[in-house]
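Working notes for the structure below.
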């Protein structure tokens, strides 16, 4: 099956610093990648959708200047949490979809990145 | 009101039991219905997806969709300790996926 990797899997940073998380599709080209955030005992909340070569579309309530998303190639998307604060501590999960279209196309999820901001 | 409602559990069952997991939804635009399994500190893994009302079976798993009642279910037969995980229902409309909160399942040997 399709594999999506994330790096790092776990990061601890000081408040005010920036953290970059990478999401890679290893064996397929992802025209669309999604970034989710999951707090303990809560569901995945979509933060933004990114298409290769274009600006990301952010969900309501997600600060685009704080969560910078870059989807520069068909296999790599990055999420940068700028000026991180303790309330940004969460489990960040990316997913990738191979093609776009009217029918359902499966999203393949990465293993997640646990961010802890001190 | 949330678009997707799912009982968070936890749900504890003995090994070999039949497990029933359910979700209700309010958005009639949802077209695809999925069930994901998520182990602790891991990303979700797709178990099954369905498009129409009715049943879909895959091994020990059966997904059921009732669009008229806006209700979906996942049944697990002969449950195993390895099935212990959080199960998330998810629904898709216009390429956007909305997840339930997940039900934590524990299968006790």
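Observations on the model:
- Mean-position separation - Cα centroids, region B:70-107 and region A:42-116, in angstrom: 22
- FRET efficiency for the residue B:52 to residue A:42 pair, using the beta carbon distance and R₀ = 41 Å, is estimated at 0.85.
- Packing, as the average of other Cβ atoms within 10 Å across residues, places the peptides A:43-51, A:58-66, A:72-80 in the order A:43-51, A:72-80, A:58-66, highest first.
- Test item: B:9-21 mean partner chain Cβ contacts at 10 Å: 0
- Whole-number D in µm²/s for region B:48-109 (Stokes-Einstein; Kirkwood sum over Cα pairs; 10 °C, 1.306 mPa s): 123
- For chain B, diffusion coefficient by Stokes-Einstein and Kirkwood Rh (Cα), 10 °C, 1.306 mPa s, µm²/s: 115
- Projected label points at residue B:5 and residue A:55, each 7 Å from Cα along the beta carbon direction, are separated by 3.8 nanometres.
- Of the peptides B:99-107, B:18-26, the ranking by mean beta-carbon count within 10 Å, highest at the top, reads B:99-107, B:18-26.
- Gyration tensor verdict on region A:28-92 (Cα atoms; rounded if a/c is under 1.5, prolate if a/b is larger than b/c, oblate otherwise): prolate
- By DSSP, the beta bridges lying fully in the protein assembly as shown are antiparallel in about 90 percent of cases.
- Average beta carbon contacts from partner chains per residue of B:44-52, 10 Å cutoff: 3
- Within 10 Å of each Cβ in A:40-47, the average number of Cβ atoms from other chains: 5
- Bins of 5 Å, starting at 0 and running to the largest distance - Cα pair percent for the protein assembly as shown: 1, 7, 14, 18, 19, 17, 12, 8, 4, 1, 0
- For chain A: rounded, prolate or oblate by the Cα gyration tensor [a/c cutoff 1.5]: prolate
- Cα-projected label distance for residue B:71 with residue A:13, points at 7 Å along beta-carbon direction, nm: 4.6
- Extended-chain gain in nm, criterion 0.36 nm per residue less alpha-carbon gap, residue B:82 and residue B:40: 13.9 nm
No value in this document is a laboratory result; all are computed from the given coordinates. Worth saying up front: this structure is predicted, and the values here are computed from it rather than measured. Note: ideal-geometry Cβ built from the backbone for every residue, glycine included; neighbour counts use all protein chains shown.
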